[in-house]
Number of protein chains: 2
Amino acid sequence: MENILILGGDGYLGWPSAMFFSNKRYKVTVVDNYLRRDICKKLDISMLYNVPNLIERARIWHKLTGLEIKVAIGDLQDSEFVRSLFNGTVKYDWAASKEYAGLPDTVIHFAEMPSAPYSMMDYRTANLTISNNLIVTNNLMYAVKDFSVETHIVKLGTMGEYGTPNIDIEEGWLEIEHNGRKDKFIYPRQAGSIYHTTKIMDTDLLWFGVRTWGLKVTDLMQGPVYGIETEESKIDERLKTIFNYDEIFGTVINRFLVQAVAGYPLTVYGAGGQTRGYININDTIQCIYLSIKNPPAEGELNIYNQFTETFTVKELAEQIQSIAIKLGYDCNISLIKNPRKELENHYYNVNHKSLLGLGLKPHYLTEKVLKGMFKFVGKFKENIKKDIIFKGVKW
Amino acid sequence: MENILILGGDGYLGWPSAMFFSNKRYKVTVVDNYLRRDICKKLDISMLYNVPNLIERARIWHKLTGLEIKVAIGDLQDSEFVRSLFNGTVKYDWAASKEYAGLPDTVIHFAEMPSAPYSMMDYRTANLTISNNLIVTNNLMYAVKDFSVETHIVKLGTMGEYGTPNIDIEEGWLEIEHNGRKDKFIYPRQAGSIYHTTKIMDTDLLWFGVRTWGLKVTDLMQGPVYGIETEESKIDERLKTIFNYDEIFGTVINRFLVQAVAGYPLTVYGAGGQTRGYININDTIQCIYLSIKNPPAEGELNIYNQFTETFTVKELAEQIQSIAIKLGYDCNISLIKNPRKELENHYYNVNHKSLLGLGLKPHYLTEKVLKGMFKFVGKFKENIKKDIIFKGVKW
C-alpha cells in the first residue's frame with residue numbers, strides 16, 4: 001500500500017486530497033497547525049460555513065468509510081517535529097492505530113501561507129510568510145535527504161511565479177542560446193507579491209536539493225483554483241473543504257460567486273485585462289495523482305504548469321454575471337482602482353501540455369459547473385458577511 | 001554630510017568599510033549582533049588574532065581620529081530594532097553624541113551569514129542561514145519602504161549565485177529572445193550551497209521591492225575577497241579587521257596563506273579546476289564607494305560583477321606555493337577528494353566591465369601583494385591552530 005504524507009492537510013486542497021488518496025486505499029497521514037484558521041480568526045474573516053477541525057474530520061471519515069487518515073497537529077517550522085514524521089517518533093493526535101505510518105513514498109507539500117494579499121499587509125505578515133514557507137520547505141527537504149532520499153516531494157508552486165513576461169512561458173525550463181553557446185535553466189521568474197516570491201525561493205531551495213543530493217521533486221505551477229465539491233466530499237456534509245470568499249484567502253472565481261449571490265458588485269481591479277490560468281479543484285487533485293503516478297527519477301525536478309484554461313478577470317466577471325442574471329440574481333460589475341502593482345494588459349501565452357500528456361481530463365468552467373457552484377453557495381447565503389469581501393490591501 | 005548605515009559592521013568587510021567612510025567624513029553608524037564571533041566560539045574556531053569588539057573599536061577610532069562611528073548592537077532579525085534605526089528611537093551602545101544619526105542616504109547591507117560550509121553543516125545551520133539572511137533583508141527592505149524610500153541599499157551579493165553555466169555570465173541581466181519575442185530578465189542563477197541560494201533569494205526579494213515600491217538598490221556580485229590591511233587599519237594595530245583562516249569562514253586565498261605559513265599542505269579540492277573571480281579587500285571598498293557615488297534611479301536595480309581577476313584553485317595554490325618557497329617556507333600542495341558538489345572543470349567567461357567603467361583601479365594579486373600578506377600573517381604564526389583549518393564539511 002503506498003504511503004502518502006500530506007503537509008497542510010487541513011487546507012482548501014489538503015483535505016480533499018487526503019480523502020481522495022485514502023479512498024484509493026493509499027495510507028494517508030495529514031499534518032497541519034491550523035495557521036490559516038488562526039489567521040482568519042485574527043483578521044475576523046469567517047468562512048462560508050463552519051468546518052470541523054482536522055481530527056474531527058478524520059474521525060468522521062473513519063466512521064463513514066472505515067478508512068484511516070492519521071493526523072498530527074504541529075508546526076512544521078519546528079525541525080524536530082518534521083523529523084519525527086520520518087524517524088518514527090511522531091505522536092499522532094488522531095489515528096485508528098497509533099503505530100508509525102512508516103516512511104512516505106510521497107510527500108505532498110501544501111504547508112505554505114498561500115495568500116498574496118496577506119503577505120502584503122505589512123512587514124510582520126511578510127516575515128511570517130517568508131519564514132513559514134521557507135523554513136517548512138527546508139525542514140522537509142533535509143528530513144527527506146537525511147531519512148528517506150527515495151521519497152518523492154510534490155510541491156505546490158504557482159503560475160504567479162512567472163509573472164507576465166513578454167515571451168512565451170514554458171513549463172519550468174528554458175533553453176537559452178547566448179553568444180553562440182547554450183544551456184538550460186529554470187525559466188526566469190519575477191512575481192507580483194511577497195507570497196509569490198517565496199514560491200520562487202522554495203523552488204530555488206528544492207532545485208538545490210535535487211542537484212546536490214539527488215532528490216526527486218515535482219513542482220506544480222498552479223493557477224488559481226475554484227470549486228467546492230469532490231467525489232469524497234459528497235459522502236457527508238461535514239466533509240466539505242474550507243471555503244473562503246474574502247479578499248485575503250478567497251480565490252477570484254470562488255469570491256465572485258459569493259459576491260454575486262450576496263448582491264455585492266463583482267470587483268474588477270483596474271481594466272481587468274489581467275490574464276491567468278485557472279483550474280477546477282477536481283483537476284488539481286487529478287494533476288497531483290498524475291504527478292505521483294509519474295514520479296521524477298533520482299536527481300530530477302519535474303515542473304508542470306497546472307491549469308486548464310485562461311481568462312481575463314473581466315471575462316470571468318462577465319461570465320459569472322451572465323449566469324447570475326439567468327438565475328435571478330441582481331449582479332453588477334464594478335471596476336475599481338487597482339490596489340495591486342500589476343500589468344492590466346499583457347502578453348500571456350503559456351505552455352501547459354505536460355499534464356494533458358499524462359492523461360489529465362479537464363473539467364472546464366462551463367455554465368453547468370458555475371450553476372452547480374451557485375446552487376451550493378446559495379445554501380449558505382445567510383452566512384455571507386459583505387464587510388469581509390474587500391479589505392483593500394494595497395501594494 | 002552624507003549619512004551611511006552599515007549593517008554587519010563588525011565583519012571582515014564591515015569594519016574596514018566603516019573606517020573608510022568615516023575617514024572620508026561620512027556620518028557612519030554600524031550595527032551588528034556578533035553572529036560570526038558567536039558561531040566561531042561555538043565551533044571552537046579561533047581567528048588569527050584577537051580583535052576588540054565593535055564598541056571598543058569605535059572608541060579607539062574616535063580617540064585616534066576624533067571621528068565618530070556610532071554603534072548599535074542588536075539582532076536585525078528583530079523588525080522593531082531595524083525600524084528603530086529609521087524612526088529615530090534607536091539607543092546607541094556607543095556614540096560620541098547620543099543624538100539620532102538621522103535617516104541614512106545609503107545602507108550597506110553586509111549583515112548576512114556568509115559561509116557556504118557553515119550553511120551546509122546540517123538542517124539547523126541551514127535554517128539559521130535562511131532565516132537570518134532573508135528576514136534581515138526583508139526587515140531592511142520594509143524599513144526603507146516605510147520610512148526612507150530615497151535611501152540607496154547596497155547589498156553584497158556573490159558571484160556564486162550564478163554557478164557555472166555553459167554560457168557567458170553577464171552583469172546581472174540577460175536579454176532573452178524566445179519564439180520571436182524578447183524580454184530582459186535577471187540572469188538565471190543556480191548556486192552551489194544553501195548560503196549562496198539565500199543570496200539568490202535576497203536578490204529576488206529586493207528586486208521585488210525595486211519593481212513594486214521604486215526602491216533604489218545596488219547588488220554587488222562579489223567574488224571571494226582576500227587581504228587584510230587597508231589605509232585606515234594601518235593607523236593602529238587594534239583597528240585590523242577580523243581574519244579567519246579556517247574552512248568555515250576563511251576565504252581561500254587567506255586560508256592558503258595561513259596554511260603555507262603554518263607548514264600545512266595547501267588543500268585543493270578535486271582536480272582544482274574550479275575557476276572563480278577574486279578581489280582584494282581594498283578593491284571591495286573601492287567598488288562600494290563607486291556604487292554609492294553612482295546610485296541607481298528610483299525603481300532601478302544596479303547589478304555589478306565585483307572581482308578583478310579569475311584563477312583556478314590550482315593556479316592559486318601554485319602561485320602561493322611558489323612565493324612561500326621563495327620566502328623559505330616548506331610548502332606542499334595536497335589534492336584531496338572534493339567534499340563539495342561542484343564542477344571541477346567548467347566554462348567560465350564573466351563580464352565585469354561595469355565597475356571598471358565607473359573608475360575601479362584594481363589591485364591585482366601580485367607577488368608584492370602576496371609577500372606583504374605573508375609578512376603580516378607571519379607575525380601571528382604562533383597563533384595558528386592547524387586542527388581548525390580543515391573540518392571536512394561535506395555536501
For the range B:303-395, the Rg and Dmax computed from alpha carbons only, in angstrom: 16.7, 44
- request: Report the normalised scattering of the range A:9-92 as log10 I(q)/I(0) at q = 0.23, 0.26 Å⁻¹, calculated by the Debye formula with identical scatterers on the alpha carbons.
  value: -1.18, -1.31
field: Residue among B:Glu300, B:Glu161, B:Glu175 with the largest mean-square fluctuation in a Gaussian network model of chain B, springs linking Cα atoms under 10 Å
entry: B:Glu175
query: So for the range A:323-395, taking the charge dipole from beta-carbon charges (+1 Lys/Arg, -1 Asp/Glu), which of A:Gly378, A:Asn345, A:His363 sits furthest toward the positive end?
result: A:Gly378
- prompt: In the protein assembly as shown, with Lys and Arg counted as +1 and Asp and Glu as -1 at Cβ, which of these residues, B:Val136, B:Ile73, A:Val107, has the Cα nearest the positive end of the dipole, that is, farthest along it?
  reply: B:Ile73
query: Using a label position 7 Å from Cα in the Cα→Cβ direction, what is the ascending list of nm distances from A:Gly378 to the same site in the other copies?
result: 9.3
query: Can you give the net charge of the other residues whose Cβ lies under 10 Å from the Cβ of A:Val28, counting K and R as +1 and D and E as -1?
result: +2
- line: Label points for B:Ala96 built 7 Å along Cα→Cβ; distances to same position in the other copies, nm, shortest first, come to 7.7
message: Out of all DSSP beta bridges in the protein assembly as shown, what portion is antiparallel? Express it as a percent rounded to 5.
response: 20
- line: GNM of chain A, Cα pairs under 10 angstrom: of A:Ala101, A:Ala191, A:Ala297, the biggest fluctuation goes to A:Ala297
- prompt: Considering only A:His196, A:Phe208, A:His152, whose Cα is most displaced toward the positive end of the charge dipole of the range A:144-258, charges sitting on Cβ of Lys, Arg (+1) and Asp, Glu (-1)?
  reply: A:Phe208
statement: Counting only DSSP beta bridges fully inside the range A:263-395, the antiparallel percentage to nearest 5 is 50
- request: Work the Kirkwood hydrodynamic radius out for the range B:213-269: mean of 1/r over every pair of different alpha-carbon atoms, inverted, in Å.
  value: 13.9
Residue of chain B nearest the B-to-A rotation axis [by Cβ], rounded angstrom distance: B:Met201, 2
query: Expressed as a fraction of 2.2 N^0.38 Å, the rule-of-thumb size for a compact globular protein of N residues, what is the C-alpha radius of gyration of chain A?
result: 0.96
message: Please check: in the Gaussian network model of chain B (C-alpha springs, under 10 Å), which one of B:Gly378, B:Gly172, B:Gly328 has the largest mean-square fluctuation.
response: B:Gly328
query: In Å, the Kirkwood hydrodynamic radius of the range A:1-52 over pairs of distinct alpha carbons?
result: 12.0
message: I'd like the Kirkwood hydrodynamic radius of the protein assembly as shown, using the inverse of the mean 1/r over distinct C-alpha pairs, in Å.
response: 28.1
message: Can you give me the convex hull volume of the Cα atoms of the range B:259-333, divided per residue and expressed in Å³?
response: 114
query: Cα centroids of the range B:7-61 and the range A:212-289: how far apart, whole angstrom?
result: 50
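Return the Rg/Rh ratio of the range A:77-169 with Cα-based radii and a Kirkwood Rh.
1.07
Antiparallel DSSP bridges in the range B:221-336: what percent, to the nearest 5?
Expressed as a percentage, antiparallel bridges in the range B:221-336 total about 35.
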- prompt: HN-Hα J couplings of the range A:68-83 from phi, Karplus 6.51/-1.76/1.60, θ = phi - 60°, integer Hz, Gly and Pro as x?
  reply: 9, 10, 6, 10, 10, 9, x, 8, 6, 6, 7, 4, 5, 5, 4, 5
- prompt: In nm, one decimal, shortest first: how far is the label point of B:Lys42 (7 Å from Cα along Cα to beta carbon) from the matching points in the other copies?
  reply: 2.6
task: Just round it to a whole percent: the fraction of Cα-Cα distances in the range B:186-322 exceeding 26 Å.
output: 36
Cut-off 9 Å between beta-carbons: net charge of the residues surrounding B:Asp246, Lys and Arg +1, Asp and Glu -1: +2
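In the neighborhood of B:Asn166, defined by Cβ-to-Cβ distances under 12 Å, what is the net charge if each Lys or Arg adds +1 and each Asp or Glu adds -1?
Value of the local net charge: -1.
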message: Longer than 25 Å from Cα to Cα, which of A:Lys199/B:Lys337; A:Lys341/B:Lys91; A:Lys293/B:Lys199; A:Lys199/B:Lys155 are they? Say none if no pair is.
response: A:Lys199/B:Lys337; A:Lys341/B:Lys91; A:Lys293/B:Lys199
statement: With +1 on the Cβ of every Lys and Arg and -1 on the Cβ of every Asp and Glu, the dipole magnitude of the protein assembly as shown about its Cα centre, in debye rounded to the nearest 20, is 640
- request: With the cut-off at 27 Å, report for the range B:240-387 the share of all Cα pairs above it, as a whole percent.
  value: 31
- prompt: Short version: ³J(HN,Hα) in whole Hz for each residue of the range B:149-157, in order, from phi by Karplus 6.51 cos²θ - 1.76 cosθ + 1.60 (θ = phi - 60°), x for Gly and Pro, what are they?
  reply: 5, 7, 5, 8, 9, 9, 10, 7, x
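Every read-out reported here was derived from the displayed coordinates using simple, explicitly stated rules and does not represent laboratory data. All of these numbers come straight from a predicted model, not from anything done at the bench. Neighbour counts are summed over all protein chains in view; Cβ atoms, including those assigned to glycine, are modelled from backbone coordinates with ideal geometry.
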